[in-house]
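Data block below; observations after.
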Amino acid sequence: MKDLIVLAADKSMKLVMDGLLTRSAELGLRAVSFDAVVHEKRDPGVRLEAHSFLHSQLRRYGHALAICDRHGSGQARSRQEIEDRIEGNISVNGWNDRGAAIVIDPELENWMWGDWRATSQALTWSDARTLRQWLVDGNLLRVEDAKPCDPKAALESAARCCGKRWSSSIHQEIAGRARIESCIDPAFLKLRSVLQRWFPLAT
């Protein structure tokens, strides 16, 4: 039996989780054996069917995570409400307190702007302006904000500027470079807390 099964809404999310879970010590965890898989129906599939898929994995894994975007889930409710619904369904389908849901608001790209240095390096940013200033100049970021209001559009635009073809590997590279403590997104902090509770470092 492996420690963890992660049901992700898309390939980018899967690759980010692959990258993060190989950095267990930086997350404050022991080493974790895991598999990450993508739901064929993407965010709505995770929201509506995570409990059904994960029920079939009960005997193969010790814990289960379902992760999706709020923006793509087809649901106008809050992040917390969607998480509560998914977790309730997972729990009554056999996982009890061994399952959790992570809903990113608005979407995965919000995690990509926690560490600007890592994002710039992953994009091979070479404009004379900093990436942040370029986004401000392009009306993709307000001066007073820590992150772009549309994190996905900002990342796609910056990738195009660098001549990079948009792909899930960009997410993976940022996730592999970013300082763990730099991401203070509520969904990420919940993810880290849940993993630390399930897989604490040996004392």
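Values computed for the structure shown
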read-out: Residue-normalised accessible area of segment 96-158, expressed per residue, 1.4 Å probe, Å²; value: 45 Å²
read-out: Tail beyond 20 Å, pair distance distribution of segment 93-203 (Cα, percent); value: 46 percent
read-out: Accessible-area composition of segment 100-182, carbon plus sulfur, in percent [1.4 Å probe]; value: 47 percent
read-out: Under 5 Å, built H, 5+ apart or other chain: amide partners of Asp69; value: Ile104
read-out: Ala146 versus Ser91: modelled label distance in nm, points set 7 Å from Cα along the beta carbon direction; value: 2.9 nm
read-out: Sequence-separation-based contact order of segment 124-178, relative, with Cα cut under 8 Å and 6+ spacing, percent; value: 24 percent
read-out: Counting DSSP beta bridges with both ends in the chain, the antiparallel % (nearest 5); value: 5 percent
read-out: Relative contact order %, segment 1-85, counting alpha carbon pairs below 8 Å whose residues are six or more apart; value: 41 percent
read-out: Environment charge of Glu156, counting only residues whose C-beta is closer than 13 Å and scoring Lys/Arg +1, Asp/Glu -1; value: +1
read-out: Violating pairs (Cα-Cα greater than 25 angstrom) within the set Lys11/Lys190; Lys11/Lys152; Lys14/Lys152; Lys2/Lys147; value: Lys2/Lys147
read-out: Separation in nanometres of the label points that stand 7 Å from Cα toward Cβ, at Ala153 and Gln196; value: 3.5 nm
read-out: Arg165 paired with Ala128, simple spin-label distance in nm, labels 7 Å along Cα-to-beta-carbon; value: 3.2 nm
read-out: Values of log10 I(q)/I(0), in the order q = 0.09 Å⁻¹, for the chain under a Debye, Cα-only, solvent-free model; value: -0.34
read-out: Segment 159-202 - Rg (one decimal) and Dmax (whole number), Cα, Å; value: 14.4, 45
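The values are calculated or read from the model by the stated rules, or taken from the named source; none is laboratory data. Values in this document were obtained by computation on a predicted structure and should not be read as measured data. Don't worry about glycine lacking a Cβ; one is built from the backbone with ideal geometry, like all the others, and counts go over all protein chains shown. Keep in mind that these areas ignore ligands, DNA and RNA; they rest on the heavy atoms of the full protein, side chains included. Shrake-Rupley method; radii C 1.70, N 1.55, O 1.52, S 1.80 Å.
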